[in-house]
Number of protein chains: 2
Amino acid sequence: MLYSNYLDISIDCVVFGFDDNENSLKVLLIEQERISDTIDPQKALPGDLVLKEEDFDIAANRVLQELTGLTGLFLKQFYAFGNPQRLKHEKDQNWLQKYRINPEIRIITLGYYSIIRMEDYKLIPSSFASKAEWVDIDEIPNLAFDHNEILEMALENLRIDTINNNISFELLPKKFTLAQLQNLHEIIFDKELDKRNFRKFIKKMDELIPLNEKQKGVYHKPAQLYSYERNSK
Amino acid sequence: MLYSNYLDISIDCVVFGFDDNENSLKVLLIEQERISDTIDPQKALPGDLVLKEEDFDIAANRVLQELTGLTGLFLKQFYAFGNPQRLKHEKDQNWLQKYRINPEIRIITLGYYSIIRMEDYKLIPSSFASKAEWVDIDEIPNLAFDHNEILEMALENLRIDTINNNISFELLPKKFTLAQLQNLHEIIFDKELDKRNFRKFIKKMDELIPLNEKQKGVYHKPAQLYSYERNSK
């Protein structure tokens, strides 16, 4: 059995952005450089190969910064994708021929994900990314390689972490109403939630602290404000 | 940048076994074959290289079966370990020289884990494993490579899945008492739990169904029996 000379490893980053103004969830995509007059460039998740002696977490941050300019995110490794067919689609062959020394090699990829408030970050595309842009989660096109599948699994992880680790609270202001919280969950889960059930679910949480304070400057009846205090399980 | 000929990928399996009789949590370890008169063989997690065109989940099941005889487990991928120094310890050099074509190569490994009722399975060591055995979680020795670290992270995942996905219920009989459930959680979390807090936590679960039935054949006051019905979140 000979194993060498057949394998490479890359990182692909799924960065979810919450857009306060539009009240929507977006995903950070790059557009690959145009390499042919006849074929339109594909959109893809920001991703690239891991260097020879590089740690994965460091690679994830480097790759994301090189392609999109984003730095300082907490990127979480969520899955290793290794289907031997994942780079064999015809649509990807041109790009692989141009950008990889050995385009036939098996490449496994580690999915990393993060979620941020879009407005806090600025995109600066470079390397083989001709563009970096936020695309609404409902308007994701066919992506390069197996990136639609990677995105799908990242979204599953985001939902699991929303339920189990309350990561949604990091996207809210310090003081918020239960309506804002429900709205955010409806965006993440992409469905309307029953108000009564949602409140029953939410109020079981010890970390949700009702404040002695109500909304100000609203025309409707001001709602109770809450804050969130993370505690260890 | 040249990337080829420097990388390989392996799988390491962390199988937790719950021992009904001893009321303890164990981990499946193999002992490497003796390759020197002067150096004692090391214990390790069952693990081996992924084949050239092999899917990861298939590889995980193959590797576990080849080394320990276990089949039919649900193995869950939980993390990719890629520290470039992870195979550079002197203690591992003899084994790598003997069993790897290129012992200097960087090998990244995917951790998979599973939890089973020990009594349902029989161990049959083969390949480079001279033994396969259950070792109490409190008595794990220094293992080969970075396997103590991999085991530690698997245990973290087991605990998270116990809280979030109720996987502990798969280790209990169909009908159980709250004392049995608490006992199992104390074993998994390795600490005594306050009975009142535990019951408060547990009784929030919709999936826990109180039965119209009590324990039989016990000398103490018979306790209420419960069953567990998994529902989708």
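Every number in this text was worked out from the coordinates using simple rules, so none of it is lab data. These numbers come from a predicted model, not from an experiment. Cβ placement follows ideal geometry from the backbone for every residue including glycine, while neighbour counts extend to all protein chains displayed.
Sorted from fewest to most neighbouring beta carbons within 10 Å, what does the list A:Tyr112, A:Tyr219 look like?
Details: A:Tyr112 29, A:Tyr219 5.
With the sparsest Cβ surroundings first, the list reads A:Tyr219, A:Tyr112.
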At 7 Å out from Cα toward Cβ: B:Lys221 inter-copy label distances (nm, ascending): 4.6
Position B:Asp194, label points 7 Å along Cα→Cβ, spacing to each other copy in nm (shortest first, one decimal): 3.3
Sequence-separation-based contact order of chain A, relative, with Cα cut under 8 Å and 6+ spacing, percent: 23 percent
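Taking the DSSP beta bridges in chain B as the whole, what percent of them are antiparallel, to the nearest 5?
Once the DSSP bridges in chain B are tallied, antiparallel ones form about 70 percent.
Find out how many positive minus negative residues lie around B:Ala60, taking Lys and Arg as positive, Asp and Glu as negative, among other residues whose Cβ is under 13 Å from that of B:Ala60.
Values: positive: B:Arg62, B:Lys76; negative: B:Asp12, B:Asp48, B:Glu54, B:Asp55, B:Asp57, B:Glu66.
Result for the neighbourhood of B:Ala60: -4.
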C-alpha long axis of helix A:90-99 to longest principal axis of chain A, angle in °: 70 degrees
Computed over the stretch A:152-233: relative contact order in percent, which uses C-alpha pairs under 8 Å that are six or more apart: 29 percent
Choice from B:Asp136, B:Asp57, B:Asp37 with maximal GNM fluctuation in chain B (Cα, 10 Å cutoff): B:Asp37
Sorted by Cβ density within 10 Å, fewest first, the residues A:Arg117, A:Arg106, B:Arg230: B:Arg230, A:Arg117, A:Arg106
For chain A, convex hull volume per residue from C-alpha positions, Å³: 166 Å³
Cα gyration tensor shape of the stretch A:47-98, rounded if a/c is under 1.5, else prolate or oblate by comparing a/b with b/c: prolate
Exam field: A:Glu152 pseudo-label spacings to other copies (7 Å along Cα-Cβ), nanometres: 3.6
Neighbourhood charge, 15 Å Cβ-Cβ cut-off, centred on A:Gln85 and excluding it, Lys, Arg +1 and Asp, Glu -1: -4
Proximal charge balance of A:Lys131 [Cβ under 12 Å; K/R count +1, D/E count -1]: -1
Reachable lysines from A:Lys88, criterion Cα separation under 23 angstrom, eight or more residues apart if same chain: A:Lys43, A:Lys98, B:Lys52
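Is the protein assembly as shown best put as rounded, prolate or oblate by its Cα gyration tensor, with a ≥ b ≥ c the root eigenvalues, rounded for a/c under 1.5, and otherwise prolate when a/b is larger than b/c, oblate when not?
Taking the square roots of the gyration eigenvalues as a ≥ b ≥ c, the protein assembly as shown is oblate.
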Subset of A:Lys174/B:Lys200; A:Lys204/B:Lys174; A:Lys122/A:Lys191; B:Lys174/B:Lys204; A:Lys200/B:Lys200 violating a 18 Å alpha-carbon distance limit: A:Lys174/B:Lys200; A:Lys204/B:Lys174; A:Lys122/A:Lys191; B:Lys174/B:Lys204
In degrees, nearest ten, helix B:56-68 long axis to first principal axis of chain B (Cα): 90 degrees
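Suppose every K and R has +1 on its Cβ and every D and E has -1 on its Cβ; what is the size of the dipole of the stretch A:7-165 about the Cα centre, in Debye to the nearest 20? Write down the numbers at each step before the final one.
On the way: 16 positive and 29 negative charges, 82 e Å.
Here the stretch A:7-165 has a charge dipole of around 400 debye.
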The protein assembly as shown: antiparallel DSSP beta bridges as a percent of all, rounded to 5: 70 percent
Of B:Gly47, B:Gly69, B:Gly17, the one that fluctuates the most in a GNM where chain B has Cα springs shorter than 10 Å: B:Gly69
Angle between chain A longest axis and helix A:147-165 axis [Cα atoms, degrees, rounded to 10]: 30 degrees
